[in-house]
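Participant: Just passing along the structure, written as structure tokens.
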Amino acid sequence: MSGNPGASASLSPKAFEVIAGLAKSEAGIILTPAKTTMVQSRLRGRIRAVGYADFDDYAKFVSSESGLAERREMISALTTNVSHFFREPHHFDMLRDQALPILRERARNGGRVRIWSAGCSSGQEPYSIAMTLMEHAPEMAQKDVLILASDIDPQILAKAKAGIYSEQQIGGIPEGYLKKYMRKSGSGLDVQYEVDPALKKLVRFRELNLLRDWPMSGGFDVVFCRNVVIYFDAPTQASLWPRFHKMLGKDAWFFLGHSERISDCAQPLFKSIGLTAYRPAA
Ligand SMILES: C[S@@+](CC[C@H](N)C(=O)[O-])C[C@H]1O[C@@H](n2cnc3c(N)ncnc32)[C@H](O)[C@@H]1O
């Protein structure tokens, strides 16, 4: 072991191949050789943490049986977790204008409402959904209404659960919402905003790898899976559309990220209702 393990290590094509292979098989994430520098910088901290001097040894370890725990850490380091409050706001407009009037009525009559944020990252997406509900149908919070927020990355889920954001991160939150739904503390550079407990109560965070089994029984009314499948290849994406279709209730809404589209082969299952917005066709 060197004094400062991994500090100057560079990623060989062979080690890259091993790491990229694991990213694909474990999480569906496609890493092309053009991403070598990114992978190198994202994994430098991991090399340091496990005490290897170079990426070749790290790649050997992480692909071995004893490297199972490190594989999860590696995937966590390789995921892209960028998110914003009210990102791609047209989906929240659709939620408010199309879905909520129906779901609110159902909840009022004792029915169940379930929303899923699949690939929720640090929580801005599920909390934006919760804010939309609280703002436009506040009584839903007392009914059988839940937002499932899932991600493959346990570290980002811990941040999401804490629900604490910096001044830079709260950018997309409408001014009026900020006062109602976020608790400000600290001052100057230390200022931070914590999601109100009433919103947190609506959200259940769970670790879930979209490539593996989904333990839910379905019946979701709205599913947000935005800016997640963009990291997967076409066959992986194609395998997910029927699975999402199965999870959706008959009259549900399904939202994707701005550069994502349902593959042609799955088109018969869904009808497009606007930009990256779908409903089950049958
Ligand atoms: C760019 S963020 C998108 C966050 C949010 N949906 C949004 O649009 O702002 C992508 C998230 O997908 C998660 N992810 C990547 N591969 C995944 C997989 N196989 N299963 C579940 N989540 C995955 C990452 O951990 C990351 O938090």
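Participant: If we scan the range 213-220, do we find a residue that is touching a helix residue (DSSP H, G or I) at 6+ places or on another chain (Cβ under 8 Å) and of a type in the set (Asp, Glu)?
Facilitator: Within the range 213-220 (the criterion being touching a helix residue (DSSP H, G or I) at 6+ places or on another chain (Cβ under 8 Å) and of a type in the set (Asp, Glu)), the answer is no, since none of the residues qualifies.
Participant: Tally up the residues in the range 141-158 that are open to solvent by less than 40 Å² (accessible area, probe 1.4 Å) and not charged (D, E, K, R), please.
Facilitator: Adding up the residues that qualify gives 8.
Participant: How many residues are surrounded by fewer than 16 Cβ atoms within 10 Å (Cβ to Cβ) and in a helix (DSSP H, G or I) if we restrict to the range 160-172?
Facilitator: 2
Participant: Further, regarding this structure: Return the only residue of Leu199, Leu269 being more than 14 Å from the ligand (Cβ to nearest atom) and open to solvent by 30 Å² or more (accessible area, probe 1.4 Å).
Facilitator: Leu269
Participant: Shifting gears a bit: Scan Arg87, Arg106, Arg72 and give me the residue that is among the basic types (Lys, Arg), in a helix (DSSP H, G or I), within 30 Å of Gly28 (Cα to Cα) and open to solvent by 40 Å² or more (accessible area, probe 1.4 Å).
Facilitator: After applying the criteria, what remains is Arg72.
Participant: Here is a follow-up. State yes or no: is Leu148 touching a helix residue (DSSP H, G or I) at 6+ places or on another chain (Cβ under 9 Å) and assigned to a strand (DSSP E or B)?
Facilitator: Answer is yes for this residue.
Participant: Of the conditions (1) closer than 25 Å to Leu22 by Cα; (2) basic (Lys, Arg); (3) part of a strand (DSSP E or B); (4) free of Cβ contacts under 8 Å to residues at least 24 places away in the same chain, Arg212 fails just one. Which one is it?
Facilitator: Failed condition: (3).
The values are calculated or read from the model by the stated rules, or taken from the named source; none is laboratory data. Bear in mind that the values here come from a model prediction, so they are computed numbers and not experimental data. Ideal geometry is used to build each Cβ from the backbone, glycine not excepted, and the neighbour counts take in all protein chains shown. Remember, those area values only see protein heavy atoms, side chains included, never the ligands or the DNA or RNA. Shrake-Rupley method; radii C 1.70, N 1.55, O 1.52, S 1.80 Å.
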